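Below is one structure, written out as structure tokens; comments come after it.
The values are calculated or read from the model by the stated rules, or taken from the named source; none is laboratory data. Because the structure is predicted, anything quoted here is derived from the model rather than measured. Note: ideal-geometry Cβ built from the backbone for every residue, glycine included; neighbour counts use all protein chains shown. Side chains included, ligands, DNA and RNA excluded: accessible areas come from the protein's heavy atoms. Shrake-Rupley method; radii C 1.70, N 1.55, O 1.52, S 1.80 Å.
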Amino acid sequence: MGMIEVVDFKKSFGAKVVHNGVTFYVKKGECLGLIGGSGAGKSVILRSLIGLEKPDEGRIIIDGENIAAMRENELVGVRKKVAYVFQGGALFDSMTVYENLAYPLREHTRMEETAIKNRILEQLAEFGLQGSESLYPGNLSGGMQKRVGLARAMMMNPEIVLYDEPTAGLDPYNTKVIQEHILNLKNRGVTSILVTHDMPTAFAVCDKLAFLLKGRIGAQGTLEELKKDPQGLITKFINGEAS
Amino acid sequence: MASMILPLSAMFSDLVHLAGGMGILSGRILRDLFRGPFYFRLLMEQIAVVGMKSLPLILITAGSIGMVMSLQFGLGLEKFGGKLYVPKLVTATVLRELGPVFTSLMVAARVGAGIASEIGSMVVTQQIDAIRALGTSPIKKIVIPRVLACLITLPLLVAVTNIVATLGGLVVGVTELRLDANFYYLKVLGTAGLPDYFSGIAKSVFFALFISIPACYYGLNVKNGTREVGLATTKAVVSASILILVGDFFLTKLLWMIEKWA
């Protein structure tokens with residue numbers, strides 16, 4: 001049915017039940033905005049979609065494969081086509097920007113160093129990071145770190161991109177750069193899920209929104225459907241009347 | 001009574017948990033060790049970190065051990081006219097016990113702490129998650145190079161300790177105890193047999209595992225932010241030190257049994 005399908009997803013940490021039967025799907029080329037209050041478990045779902053967390057119960061189907069049942073070494077294939085954009089960038093601080101970007105290509109392709117260099121320079125230009133290739137993550141601003149993280153995630157031309165709060169703490173310029181990039185990818189047919197509290201970005205890039213409430217999807221719908229229902233849960237959440 | 005049993009049972013449960021965790025990690029290391037890809041450059045980097053950078057510390061420690069042992073044995077045995085046994089005693093003690101144990105304790109403090117804090121920081125900053133999300137294995141990229149580097153360099157560092165400590169003993173033997181340098185040298189050569197070398201080096205292989213595996217384990221299991229990085233570092237050093245000191249007794253017994261049997 002969808003490029004990403006999450007069916008009856010359940011996850012607890014100790015006695016704390018975080019998810020109690022989350023179900024949603026995302027079609028190919030679609031962008032789903034996953035919203036909800038702090039601690040609702042949005043990032044846990046996102047991490048589970050790439051196998052960084054295992055669900056207690058339920059299925060996670062990525063491009064027809066149930067990754068919930070996969071072992072770590074079986075997930076490599078999935079992780080080549082699914083990119084994860086970490087909230088803080090998660091750059092390797094012992095490597096330069098260049099080495100961070102080269103990492104996925106050196107690990108998974110047999111590209112020659114010249115081709116890798118060209119690809120990296122191309123990516124750096126796309127994200128407005130020219131001239132920063134020899135810098136270490138510690139020398140970059142928060143916004144630049146996020147853009148480098150995003151650029152690294154894109155190196156393998158993923159079919160699916162999972163964004164964990166990509167615009168959190170960014171200035172309007174960097175927010176716009178990231179919004180434009182998400183839209184570009186969407187136009188190229190890349191499927192994505194965006195976890196965010198930044199509602200203008202969610203409205204700018206997402207096709208539909210899903211609202212996590214009490215361990216389940218409390219409400220979901222396309223932006224048009226949401227606009228037609230001013231009394232809906234998502235509208236209330238956006239207006240600060242529900243959490 | 002219950003107040004005594006509860007903490008004991010909690011401690012026992014922690015120990016079982018720890019042993020299980022380290023067992024699982026060791027299993028993963030063994031499984032991934034023989035599966036490609038192999039990161040030779042990372043191994044070389046770690047050998048430099050563990051070996052080369054530990055060398056100054058090891059040289060100072062080894063020299064001091066040799067000199068102190070020589071002085072203590074010399075002053076103690078002088079009363080009984082046993083000063084001539086100093087080269088023999090210092091050599092045997094250094095090769096079999098003090099060389100591997102002191103070197104390992106120094107490496108545990110320097111390298112074990114470094115490994116745990118580095119990996120712990122990588123967990124906190126989601127770099128370990130990034131390694132996994134990018135389709136690579138933290139066991140292969142982070143753990144195995146560090147464990148192998150310890151396994152390769154610790155026996156070499158112990159060999160360096162043996163030489164430097166013996167030289168330290170010789171210097172004190174000649175300058176403080178007025179022993180003849182040639183006599184000291186010949187006694188060292190006469191005492192130091194292959195089983196003595198083998199015993200110390202064999203122990204260091206086990207000690208390398210006692211240092212690197214707990215360090216990686218505690219680093220990888222940091223969960224609640226930077227505060228736990230410090231705790232993980234302390235735990236890694238304490239565990240390694242205990243394992244080295246307690247393990248030394250059992251290894252000594254085992255190696256004596258092997259020597260007798262052989």
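Please identify the pairs in which a residue from the stretch B:240-262 that is under 17 Å from B:ALA109 (Cβ atoms) has its Cβ atom under 7 Å from the Cβ atom of a residue that is part of a helix (DSSP H, G or I) and polar (S, T, N, Q), counting only partners at least 6 apart or on another chain.
Pairs found: B:ILE244/B:SER104.
On the given criteria, is B:VAL160 farther than 29 Å from B:ILE47 by Cβ and part of a helix (DSSP H, G or I)?
no
Give A:ALA69, A:ALA40, A:ALA15 a once-over and let me know the one that is open to solvent by less than 30 Å² (accessible area, probe 1.4 Å), over 14 Å from A:LEU194 (Cα atoms) and among the hydrophobic types (A, V, I, L, M, F, W, C).
Exactly one residue qualifies, and that residue is A:ALA40.
Residues to consider are A:GLY169, A:GLY149; find the one that is surrounded by fewer than 22 Cβ atoms within 10 Å (Cβ to Cβ) and either out of contact with any Leu (no Cβ under 9 Å at 6 or more places or on another chain) or assigned to a helix (DSSP H, G or I) (or both).
Being surrounded by fewer than 22 Cβ atoms within 10 Å (Cβ to Cβ) and either out of contact with any Leu (no Cβ under 9 Å at 6 or more places or on another chain) or assigned to a helix (DSSP H, G or I) (or both) holds for just one of A:GLY169, A:GLY149, which is A:GLY169.
Applying the selection to the stretch A:98-141, what residues are crowded, with 16+ Cβ neighbours inside 10 Å, among the hydrophobic types (A, V, I, L, M, F, W, C), away from every other protein chain (no Cβ under 14 Å) and in a helix (DSSP H, G or I)?
Passing the criteria: A:ILE116, A:ILE120, A:LEU124.
Limited to the stretch B:174-200, what total is found for residues that are surrounded by 12 or more Cβ atoms within 10 Å (Cβ to Cβ), part of a helix (DSSP H, G or I) and within 22 Å of the chain's Cα centre (by Cα)?
6
From the list A:ILE61, A:ILE50, which residue is more than 8 Å from chain B (Cβ to nearest Cβ) and either within 30 Å of A:ASN139 (Cβ to Cβ) or within 19 Å of the chain's Cα centre (by Cα) (or both)?
A:ILE61
Can you find a residue that is more than 14 Å from chain B (Cβ to nearest Cβ) and assigned to a loop (DSSP other than H, G, I, E, B) anywhere in the stretch A:20-28?
Yes, because at least one residue in the stretch A:20-28 is more than 14 Å from chain B (Cβ to nearest Cβ) and assigned to a loop (DSSP other than H, G, I, E, B).
Can you tell me which condition B:ALA133 does not meet? The list is (1) out of contact with any Lys or Arg (no Cβ under 8 Å at 6 or more places or on another chain); (2) without any contact (Cβ under 8 Å) to a residue 60 or more places away in the chain, and all the others hold.
In the conditions (1) out of contact with any Lys or Arg (no Cβ under 8 Å at 6 or more places or on another chain); (2) without any contact (Cβ under 8 Å) to a residue 60 or more places away in the chain, B:ALA133 misses (1) alone.
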